[in-house]
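The values are calculated or read from the model by the stated rules, or taken from the named source; none is laboratory data. Remember, predicted model here, so these are calculated numbers, not experimental data. Cβ placement follows ideal geometry from the backbone for every residue including glycine, while neighbour counts extend to all protein chains displayed.
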There are 2 protein chains.
Amino acid sequence: MYRDRIQLKSLWGKVVGAEEAAMHIQDGMTVGMSGFTRSGDAKVVPMALAERATEQPLKISLMTGASLGSDIDKTLAEARVLSRRLPFQADPVLRKAINAGEVMFVDQHLSETVEMLRSRQLPKIDVAVIEAVAITEDGGIIPTSSIGNSATFAILAEKIIVEINIHQSMDLVGLHDVYIPTRRPHREPIPLMTPSDRIGLPYIPVDPSRIAAIVITEKMDSFATITPPDEETNAIAGHLVEFFRNEVRKGRLSTSLQPLQAGIGSIANAVLHGFIDSPFHDLTMYSEVLQDSTFELLDAGKMTFASGSALSLSGDCARKFFGDVKRYKDRLVLRPQEVSNHPEVIRRLGLIGINTALEADIYGNVNSTHVNGTHMMNGIGGSGDFARNCYLSVFVTKSVAKGGKLSSIVPMVTHVDHCEHDVDLIVTEQGLADLRGLAPRERASLIIENCMHPTYRDLARDYYKRAVGRGGHTPHLIEEAFSWHLNAQRTGSMLVTPPKAAAAE
Amino acid sequence: MYRDRIQLKSLWGKVVGAEEAAMHIQDGMTVGMSGFTRSGDAKVVPMALAERATEQPLKISLMTGASLGSDIDKTLAEARVLSRRLPFQADPVLRKAINAGEVMFVDQHLSETVEMLRSRQLPKIDVAVIEAVAITEDGGIIPTSSIGNSATFAILAEKIIVEINIHQSMDLVGLHDVYIPTRRPHREPIPLMTPSDRIGLPYIPVDPSRIAAIVITEKMDSFATITPPDEETNAIAGHLVEFFRNEVRKGRLSTSLQPLQAGIGSIANAVLHGFIDSPFHDLTMYSEVLQDSTFELLDAGKMTFASGSALSLSGDCARKFFGDVKRYKDRLVLRPQEVSNHPEVIRRLGLIGINTALEADIYGNVNSTHVNGTHMMNGIGGSGDFARNCYLSVFVTKSVAKGGKLSSIVPMVTHVDHCEHDVDLIVTEQGLADLRGLAPRERASLIIENCMHPTYRDLARDYYKRAVGRGGHTPHLIEEAFSWHLNAQRTGSMLVTPPKAAAAE
């Protein structure tokens, strides 16, 4: 049944159960697993690890591409298997353990993890666990619905465990393009000039003698939960489309714009969805994650090609794609995340990067990760790779959260992931602030008047006016800079100042 | 006398006085001038502009490579000629005007200004004013002691004014390597694989019909004022050398390390100086500014090659270099700052970037620009280009300032230029914190115990302990996060809390 998936016959004898395979992973080891935003994650070996941890002490340092699906991070966190986790996660249970200081979470730019591994600036990978469609005659590993960091994990690991997922379609073979930058200091340019260029191999090349075990699974990827576009996300998309129309009119962009990148999540997905009714055509994508909106744009004939590191699809979209992979295959490619997110390629192609802000401040600094400056949500992901190096860095957010009790635009963000130098546009449903070439004082007026929800504008104008009275390139009242957040902590709303006695507590 | 410097004879008729040349610059224009850290700046045309502004309204938007010498920024600021200034400055008078909101200062990553100009995301350059050693037979402009943004300014400007500086040595001819990345979306890889590669032309290619005026000058570059190494900077250098010895021992680096970048200023210069007595050899440099220490390392036989965008030398070092250019010329190259600071090249070469922090916080965020989060010092310069994309990002600072009244390590920086994701090492005279692969809680202990001045450690430990009590991935007490800065504003010292009544004012 599965043997046609292992074309190197000498490996047939390596097929074992998940529990036995997991025995290669011992307490204290560093493990690199496949998986990027719920796609292509190793599924049964981590579950066997969690099971074993109920009986014996077992702590590992776990690296992946990005977040995992199938409740893997949840299960591992509950079983207390994780001592260290990098470079990204998005699981509520793991998040709680991270914020309690039980798991050391290292939040990294997604292009950097394997760069640091290769130069031995992170501990070496003891075991890599990689989900695969098949193994080639030479022992090459063909990934499934994501590549993420799998290639370099497998290349560097002492031992490799392959999870052959017979539920993943053989039609995926040929979708991948595995190119690994050489070790420095003798590195060649990455020979990628357009999103559709193929520069590598359709599989991960490894020495098959390091494949220590093969496990056969049929567990499906988790589906992405995508909130459908709503009035606000439609408005955000509308502002952006209008902005791009103007850029085309001014001759700065062609009607195919520049290759698009969009961050994970409902807002960025909805914004891309909004391009369906735009006048732009022959769009391309060079992104880390391809979501439903990519397929909608391909179906609508608006987009000609999409390059990513992972697919992250809803149930409906997954059924559409996997039911007819061949229909899309010549318009798609999956790459290692160090290539999808590589500064060299991002700058060369001149991407338009669209990422989601948790909050932004009146000067254009963006917080993508920390609630109230302290509690981790998910992580910075690839947003820093793109925002720093792209042609145009766009951050989108709804102007308020929690029914208006929290403003997403604040006097000063409580944590900075993207500094003022890296933010070109801020867009909310209220409007758009084009910050290119502006000084902080100019940005402040624009962000307050164009992007902030009307109920917060007077408060912000008052803050800004009093701050300007004190002078400075970036006027602030540093004793009040976080007063909105403190209000919210104490009263539940940024708009409500607690009585003095309570505030003094 | 000067005619041998203008090899295209048809341009001889363009030679005029500075005042007449400056008439090409009119109120409201955008002007791009040569100049990078006191080197190769246009000198007489800006002074003529300042003079004219005493008689008639004259406001311009001024772009340069980086900071200027010869009191140009000072004189232009005093004459109120500057409405907008980018991407960097370091003049006390201009700084005051910026902080008063009189000049709109746009603080940018130094690699990005001309990238934005080329894609017309900034207003077009009306006039470029470029200091040159000579003009070639084809009208090519040979820059002097810096390239900075001069090449792209000249290529994009409507009109070009050339300041031929006959005091600048003709021996500089051949020192420059002008490579300009092509326009996106059809850009080729930058074919630079080692710091010594020459990939462009030794002059700036322009259509000579756009050279509107030529002015002859003999004003010398300003000298850099370099504070000599002291006990603290020697200690910082010592910690870093020890760190690199360990990296070599562990096999992570060879004894030639990786190409070095060092930010402008006395501390970074002193740190590089400290490499003279190190066991490393065959060092190379790929930096934006080459300071005295570069020449000391070349003289000591420790360094084989240095690539930069500008020379910024003390009087002694300048006399040494300009007195015998030929001795150094085959070991030096000057490039456009978009090449010296290009993310693609920085990542490919795997630089070790050493930059100076104004302050750093216990979690590894760095403020390079804003005093108390509000008042601009100089600007971010190229530090962000390097810190984000290099192999190892080092930030150095003395642990205290103002005789111990200010700590350079604080609970939370008041402005973030380099986020936690971009900072690998923090080094003070107290010691070194290696933050690679660590979570925020681990970083905090290391930074407090290794880098902070002992007089502040108890205060910091107390803050951190109480913050951890509240939980979070990055524990903070946001109502107290800036209390050290507020203390200093109110009492002159971060160590002294004002009486309650005063604090409530």
Output the residues belonging to the range B:102-129 that are of a type in the set (A, V, I, L, M) and within 12 Å of chain A (Cβ to nearest Cβ). B:VAL103, B:MET104, B:VAL106, B:LEU110, B:MET116, B:LEU117, B:LEU122
Screening B:ILE199, B:ILE190 for residues that are surrounded by 19 or more Cβ atoms within 10 Å (Cβ to Cβ), in contact with a Pro (Cβ under 8 Å, 6 or more places away or on another chain) and not charged (D, E, K, R) leaves only B:ILE190
Residue in the range A:247-278 that is nearest to B:LEU117 (Cα to Cα), counting only those that are within 14 Å of chain B (Cβ to nearest Cβ) and in a helix (DSSP H, G or I): A:GLU247
Are any of the residues in the range A:6-19 closer than 25 Å to A:GLN89 by Cβ, assigned by TED's automatic domain parsing to the domain that holds A:LEU110, assigned to a loop (DSSP other than H, G, I, E, B) and β-branched (Val, Ile, Thr)? no
What are the pairs with Cβ atoms under 7 angstrom where one residue, in the range A:238-266, is over 24 Å from A:LEU313 (Cα atoms) and the other, located anywhere, is surrounded by fewer than 16 Cβ atoms within 10 Å (Cβ to Cβ) and of a type in the set (Lys, Arg)? Sequence gap at least six, or different chains. A:ARG252/B:ARG120
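From the list B:LEU486, B:LEU446, exactly one residue is hydrophobic (A, V, I, L, M, F, W, C), closer than 24 Å to A:MET116 by Cα and surrounded by fewer than 20 Cβ atoms within 10 Å (Cβ to Cβ). Which is it? Can you show your working first?
Working: B:LEU486 fails: closer than 24 Å to A:MET116 by Cα.
The conditions single out B:LEU446.
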Look at A:ARG187 and say whether it is free of Cβ contacts under 8 Å to residues at least 24 places away in the same chain, out of contact with any Phe, Trp or Tyr (no Cβ under 9 Å at 6 or more places or on another chain) and not β-branched (Val, Ile, Thr). yes
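Answer with yes or no whether B:VAL371 is modelled with pLDDT of 95 or more and either crowded, with 24+ Cβ neighbours inside 10 Å or over 30 Å from B:GLN489 (Cα atoms) (or both). Break it down stepwise before answering.
Numbers: modelled with pLDDT of 95 or more: yes; either crowded, with 24+ Cβ neighbours inside 10 Å or over 30 Å from B:GLN489 (Cα atoms) (or both): no.
Here the answer is no, as B:VAL371 does not meet what is asked.
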Can you tell me which condition B:VAL45 does not meet? The list is (1) part of a loop (DSSP other than H, G, I, E, B); (2) of a type outside the set (Phe, Trp, Tyr); (3) over 20 Å from the mean Cα position of the chain (by Cα); (4) under 15 Å from B:ALA128 (Cβ atoms), and all the others hold. (1)
Condition check for A:SER61: among the hydroxyl-bearing types (Ser, Thr, Tyr) and either touching a residue at least 40 places away in the same chain (Cβ under 8 Å) or within 29 Å of A:GLY308 (Cα to Cα) (or both): yes
Among the listed residues A:ALA79, A:ALA132, A:ALA90, A:ALA97, which satisfies the condition of being among the aliphatic types (A, V, I, L, M), away from every other protein chain (no Cβ under 14 Å) and within 23 Å of the chain's Cα centre (by Cα)? A:ALA132
Restricting to the range A:348-378, what's the tally of residues that are in contact with a Pro (Cβ under 7 Å, 6 or more places away or on another chain) and within 15 Å of A:HIS109 (Cα to Cα)? 0
Inspect all residues belonging to the range A:150-158 and state whether any of them is of a type in the set (Val, Ile, Thr), touching a helix residue (DSSP H, G or I) at 6+ places or on another chain (Cβ under 9 Å) and surrounded by fewer than 24 Cβ atoms within 10 Å (Cβ to Cβ). yes
Could you count how many residues in the range A:64-83 are in contact (Cβ under 8 Å) with a residue 24 or more places away in the chain and either under 26 Å from A:SER111 (Cβ atoms) or among the hydroxyl-bearing types (Ser, Thr, Tyr) (or both)? 12
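Please specify each residue of the range B:379-406 satisfying the condition of being part of a strand (DSSP E or B) and away from chain A (no Cβ under 12 Å). Show your work before the answer.
Looking only at the range B:379-406, we keep the residues that are part of a strand (DSSP E or B), and these are B:392-396, B:400-401, B:406.
Answer for the range B:379-406, where residues must be part of a strand (DSSP E or B) and away from chain A (no Cβ under 12 Å): B:VAL394, B:PHE395, B:VAL396, B:VAL400, B:ALA401, B:LEU406.
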Selection within the range A:221-245 - within 30 Å of A:ALA132 (Cβ to Cβ) and of a type in the set (Phe, Trp, Tyr): A:PHE223
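For the range B:286-366, list the helices (runs of 4 or more DSSP H) that sit wholly inside it and hold at least 3 residues that are surrounded by fewer than 24 Cβ atoms within 10 Å (Cβ to Cβ) and on the phi > 0 side of the Ramachandran plot; which are they? Give the steps one after another, and end with the answer.
Working: elements: B:292-299, B:315-323, B:325-329, B:337-340, B:343-349.
Helices (runs of 4 or more DSSP H) meeting the threshold: none at all.
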